[in-house]
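Trainee: Sharing a structure below in structure tokens format, with a few things to ask.
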Amino acid sequence: MFTKKTILITLVALFLQGAISCSRAVVTTPDVQAVSAERITLDPNDKVWDAAPLHSSKLILQDLVDPRLMEASTQEVFVKAITHGGEIAFRLEWADASQNDLPGPREFVDAAAVQLPTKIEASVPAPQMGEAGKNVEISYWRADWQAIVDGRADEIAALHPNATVDHYPFQAKPLENDPNAKASAEMRYAPARKLGNNRSGPRENPVEDLIAAGPGTLSPGPNAWSKGKGVRTGNGWAIVLTRPIPEGFSQASPTQVAFAVWEGTHQEAGARKMRTGWVQMLQK
Amino acid sequence: MARVNNWQLGREMSYWYPESRPQKQFAAVFDTNKCIACQTCTLACKTTWTSGKGQEYMLWNNVETKPYGFYPLAWDLNLLDMLDGGKWNESGERPVYEGSTIFESAPAGERVLGWRPEDQDYSYPNVGEDDCAGQIDGGASIAGSHDMAWFYYLARICNHCTYPACLASCPRGSIYKRPEDGIVLVDQGRCRGYQECVKGCPYKKVFYNAMTGTSEKCIACFPKMESGIQPQCFVNCIGKIRMAGYLNTPENARADNPLDYLVHIKKIALPLFPQFGLEPNVYYIPPVHVPTSFTRQMFGPGVEKAIETYRSAATDMDLAGLLGLFGSSERVMTKWRRIGETITGLDDDGNILVNVPLKEPVHIRPAFDTLHQITRVNCP
Ligand code: SF4
Ligand code: SF4
């Protein structure tokens, strides 16, 4: 006969079992499986992601070329991929307790990237930034660009709320009614912008397209086709990166994909990053 | 790492790239004894080059009061603490550095030994640094004795180093040293703002611009230098402490090149922290009134001799004459000569840029003006 006490114990036991099996319920796939979806989304919280299998990639140190990352930070990145009408979207999620989106001296920003071989070939490029004759294409997202796209002003006061500036020459009175003269005067003090360096704000897209043929060769990609969006989760970032489906990628012809994550608190930038090797990507 | 020759160290050293000296090397001599810390140079640079968004905190030229002034905070002390340096073997004809350079002591995973300043370290240039370094006893100022109570002004720009640590640190090769004049520049189209150069430069003369997302630095006013005119911080210098030009290696030194004469022949102008190993190209005439235990660490083992020679300028017409050429023309004087009491600055083609007398003529006007029947006063 059941007593009240045994019922309670049984319920608690069932509850605990449920909780444990819930955490076990996160089944991950050893490869990235891009599933066909009803639409492409930039929203990491869109329900279209629910149908995509989850891949978990262990991140390793970039310790092949100097400067290296000597101490590991982000452990793993969770990846989903969907395709629709010629586009592929990746959803990356990783744990990062601190939000770093304010750049400055010794201030580094959170970022992540997806890398694909430019050509699908039997012999794949070196997983770290490709190699000569075997280019890789990279879609790169940054938290500070996201903040600008989300409405942060292109002003020093947005980075340093207490900053005071006496005067910028391009804000001189005589230029007030001449926006062209004003813009060109401002450009004179921002050579990187003048040269069209993608690094320089203001930005409308938190993502940059890049190509590389080995470490140190990263350059702007010929196509600015990647888009993206990043949002804070309870304990880190969830971002979406979209781009055209790699040429030749089909159910019969899988490709490789690699991921990288930069943790701002840990002063990671450029070569100092956590990364994966190539991971097989299948079209489902 | 390659093996390269660093004449300032009197030996070979390790560097990230093989030795490749430019056709000529931009260089400068600063006479610390004449600087009055008016900061005109700082402002001349600021208004010319760094008045943009993200450049607010940048001083490509700064003047700090030693020993307690820094920009950024403790830029030199931090590295001196990290570096196994300071050992010179002075038994031979030339001193040989026996410590480690920042390239030779690069930790695993790094290209050079460096550190990163933060926002705060740039926040208080010149605040409170002009205070005496020692207690002045009652009456001492009247007696004129300031034992241990000294300071001096150190004007600093990028050294356009022969072995730039900024260049060696950049994993993308975004920094280059111009083969035509040795000026070191950050390619603003290629830089991706990793701040490796900021970490690597021991003099902290590369600055991260958060608004352009790139690192920026002193460009030695290269458009001016290309047309034979000295940079802004030189031509605006109130104390006339500076001379810009081109420096040869010691074995190619020419007595008619003003910088060669001061650096290689008279040896009165010394590099800033030669032990770091960059072969910096701004040379300083050390302050004569500062304990050499301090200036030896900053300018190397040539300090005592340099001061002795500098003090002898009163009886050395060539040296006195050349020092008088400082600040006398805005043109780059690549040659000089003295004939009698006239010192001449010339360009490469031998054109005369300026003549200065060895001694400025002195006119004494009597206090009473007989013509106007009035006593002159010195204030307007
Ligand atoms: S002083 Fe610094 S920034 Fe200038 S060339 Fe040397 S290492 Fe580079
Ligand atoms: S302008 Fe000349 S005298 Fe004035 S602070 Fe600069 S270097 Fe010194």
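Trainee: Search the stretch A:209-241 for residues being part of a loop (DSSP other than H, G, I, E, B) and crowded, with 22+ Cβ neighbours inside 10 Å, and hand back the single one that is nearest to the chain's Cα centre (by Cα).
Mentor: Result: A:Ser226.
Trainee: Every residue in the stretch A:137-165 that is surrounded by 15 or more Cβ atoms within 10 Å (Cβ to Cβ), within 22 Å of the chain's Cα centre (by Cα) and either among the small types (Gly, Ala, Ser) or in a loop (DSSP other than H, G, I, E, B) (or both), please. Before the answer, list the steps.
Mentor: Pass one, the stretch A:137-165, residues surrounded by 15 or more Cβ atoms within 10 Å (Cβ to Cβ): A:137-149, A:152, A:156, A:158-160.
Of the ones still in play, those that are also within 22 Å of the chain's Cα centre (by Cα) are A:137-149, A:152, A:159.
Selection gives A:Ser139, A:Ala143, A:Ala147, A:Arg152.
Trainee: So, one more: Answer with yes or no whether B:Phe299 is modelled with pLDDT of 95 or more, in contact with a strand residue (DSSP E or B) (Cβ under 8 Å, 6 or more places away or on another chain) and under 30 Å from B:Gly92 (Cβ atoms).
Mentor: So B:Phe299 passes the test.
Trainee: Got a number for residues in the stretch B:161-187 being within 13 Å of chain A (Cβ to nearest Cβ), over 17 Å from B:Gly109 (Cα atoms) and crowded, with 22+ Cβ neighbours inside 10 Å?
Mentor: The qualifying residues number 3.
Trainee: Residue by residue through the stretch B:49-71, note down the ones that are away from chain A (no Cβ under 14 Å) and either touching a residue at least 60 places away in the same chain (Cβ under 8 Å) or assigned to a helix (DSSP H, G or I) (or both).
Mentor: Passing the criteria: B:Asn61, B:Asn62, B:Val63, B:Glu64, B:Thr65, B:Lys66, B:Pro67, B:Tyr68, B:Gly69.
Trainee: With the condition kept exactly as written, say whether any residue in the stretch A:196-209 is touching a strand residue (DSSP E or B) at 6+ places or on another chain (Cβ under 7 Å), charged (D, E, K, R) and more than 9 Å from chain B (Cβ to nearest Cβ).
Mentor: yes
Trainee: Considering every residue within the stretch B:72-87, establish whether at least one is basic (Lys, Arg), away from ligand 2 (no atom under 12 Å from the Cβ) and either open to solvent by 30 Å² or more (accessible area, probe 1.4 Å) or free of Cβ contacts under 8 Å to residues at least 12 places away in the same chain (or both).
Mentor: Within the stretch B:72-87 (the criterion being basic (Lys, Arg), away from ligand 2 (no atom under 12 Å from the Cβ) and either open to solvent by 30 Å² or more (accessible area, probe 1.4 Å) or free of Cβ contacts under 8 Å to residues at least 12 places away in the same chain (or both)), the answer is yes, since at least one residue qualifies.
Trainee: Any idea which of (1) open to solvent by 30 Å² or more (accessible area, probe 1.4 Å); (2) within 14 Å of chain B (Cβ to nearest Cβ); (3) not β-branched (Val, Ile, Thr) is the one A:Trp278 doesn't satisfy?
Mentor: Result: A:Trp278 passes all but (2).
Trainee: Looking at B:Pro223, B:Pro231, B:Pro250, which is the one that is under 21 Å from B:Ser51 (Cβ atoms) and surrounded by fewer than 24 Cβ atoms within 10 Å (Cβ to Cβ)?
Mentor: Going through B:Pro223, B:Pro231, B:Pro250 in turn, the sole match is B:Pro223.
Trainee: Looking at the stretch B:90-102, can you tell me whether even one residue there is away from chain A (no Cβ under 14 Å), farther than 26 Å from A:Glu71 by Cα and open to solvent by less than 30 Å² (accessible area, probe 1.4 Å)?
Mentor: For the stretch B:90-102, residues away from chain A (no Cβ under 14 Å), farther than 26 Å from A:Glu71 by Cα and open to solvent by less than 30 Å² (accessible area, probe 1.4 Å): present.
Trainee: While we're looking at this one, here's another question. Go through the stretch B:12-44 and report how many residues are open to solvent by less than 20 Å² (accessible area, probe 1.4 Å) and either within 14 Å of ligand 1 (Cβ to nearest atom) or within 15 Å of the chain's Cα centre (by Cα) (or both).
Mentor: 11
Trainee: Next question. Please go through (1) in a strand (DSSP E or B); (2) among the charged types (D, E, K, R); (3) within 16 Å of ligand 2 (Cβ to nearest atom) for B:Lys46 and return the number of the only condition it doesn't satisfy.
Mentor: Looking at each condition in turn, B:Lys46 falls short on (1).
Trainee: Could you say whether any residue in the stretch A:104-117 is open to solvent by 20 Å² or more (accessible area, probe 1.4 Å), assigned to a loop (DSSP other than H, G, I, E, B) and out of contact with any Asp or Glu (no Cβ under 6 Å at 6 or more places or on another chain)?
Mentor: no
Trainee: Kindly indicate whether any position in the stretch B:312-327 is among the charged types (D, E, K, R) and either more than 20 Å from the chain's Cα centre (by Cα) or buried (at least 18 other Cβ atoms within 10 Å of the Cβ) (or both).
Mentor: Looking through the stretch B:312-327, at least one residue is among the charged types (D, E, K, R) and either more than 20 Å from the chain's Cα centre (by Cα) or buried (at least 18 other Cβ atoms within 10 Å of the Cβ) (or both).
Trainee: Still on this structure: I'm trying to understand the selection: among the residues of the stretch B:103-120, which are within 8 Å of chain A (Cβ to nearest Cβ) and of a type in the set (D, E, K, R)?
Mentor: Of everything in the stretch B:103-120, those that are within 8 Å of chain A (Cβ to nearest Cβ) and of a type in the set (D, E, K, R) turn out to be B:Glu110, B:Arg111, B:Arg116, B:Glu118, B:Asp119.
Trainee: Inspect the stretch A:242-251 for any residue being charged (D, E, K, R), assigned to a loop (DSSP other than H, G, I, E, B), within 14 Å of chain B (Cβ to nearest Cβ) and open to solvent by 10 Å² or more (accessible area, probe 1.4 Å) and give the result as yes or no. Lay out the reasoning, then the answer.
Mentor: Looking only at the stretch A:242-251, we keep the residues that are charged (D, E, K, R), and these are A:243, A:247.
Adding the requirement that they be assigned to a loop (DSSP other than H, G, I, E, B) leaves A:247.
Within this subset, residues satisfying the condition of being within 14 Å of chain B (Cβ to nearest Cβ) are none.
The answer is no, given that none of the residues of the stretch A:242-251 is charged (D, E, K, R), assigned to a loop (DSSP other than H, G, I, E, B), within 14 Å of chain B (Cβ to nearest Cβ) and open to solvent by 10 Å² or more (accessible area, probe 1.4 Å).
Trainee: Name every residue in the stretch B:217-233 that is more than 17 Å from the chain's Cα centre (by Cα) and of a type in the set (Val, Ile, Thr), in order of residue number.
Mentor: Across the stretch B:217-233, the qualifying residue is only B:Ile229.
Trainee: Just to check your reading of the model, which residue among B:Val4, B:Val29 is within 14 Å of ligand 2 (Cβ to nearest atom) and of a type in the set (A, V, I, L, M)?
Mentor: That would be B:Val29, the only listed residue that is within 14 Å of ligand 2 (Cβ to nearest atom) and of a type in the set (A, V, I, L, M).
Trainee: Moving on. Check off (1) within 14 Å of chain B (Cβ to nearest Cβ); (2) over 18 Å from the mean Cα position of the chain (by Cα) for A:Arg39 and give me the number that stays unchecked.
Mentor: (1)
Trainee: Could you tell me whether the stretch B:215-227 includes any residue that is within 27 Å of A:Leu195 (Cβ to Cβ), in a helix (DSSP H, G or I) and within 14 Å of chain A (Cβ to nearest Cβ)?
Mentor: Yes - at least one qualifying residue is present in the stretch B:215-227.
Trainee: Search the stretch A:51-71 for residues being under 19 Å from B:Pro171 (Cβ atoms) and buried (at least 20 other Cβ atoms within 10 Å of the Cβ), and hand back the single one that is nearest to the other protein chains (Cβ to nearest Cβ).
Mentor: Out of the qualifying residues, it is A:Pro67.
Trainee: If only one of B:Val235, B:Val198 is within 16 Å of ligand 2 (Cβ to nearest atom) and either at pLDDT 95 or above or within 8 Å of another protein chain (Cβ to nearest Cβ) (or both), which one is it?
Mentor: B:Val235
Trainee: Given the conditions (1) of a type outside the set (Val, Ile, Thr); (2) more than 15 Å from ligand 1 (Cβ to nearest atom); (3) within 18 Å of the chain's Cα centre (by Cα); (4) crowded, with 20+ Cβ neighbours inside 10 Å, report the number of the one that B:Gly213 does not fulfil.
Mentor: (3)
Trainee: Against the definition (in contact (Cβ under 8 Å) with a residue 60 or more places away in the chain, within 30 Å of B:Tyr68 (Cβ to Cβ) and surrounded by 17 or more Cβ atoms within 10 Å (Cβ to Cβ)), how does B:Val288 come out, yes or no? Write out each step before concluding.
Mentor: Working: in contact (Cβ under 8 Å) with a residue 60 or more places away in the chain: yes; within 30 Å of B:Tyr68 (Cβ to Cβ): yes; surrounded by 17 or more Cβ atoms within 10 Å (Cβ to Cβ): no.
No.
The values are calculated or read from the model by the stated rules, or taken from the named source; none is laboratory data. This one's a predicted model, so the numbers in the text were calculated from it and none came from an experiment. Positions of Cβ are backbone-derived with ideal geometry, glycine not excepted, and every protein chain shown enters the neighbour counts. What goes into the accessible areas is simple: the full protein's heavy atoms, side chains included, and nothing from ligands, DNA or RNA. Shrake-Rupley method; radii C 1.70, N 1.55, O 1.52, S 1.80 Å.
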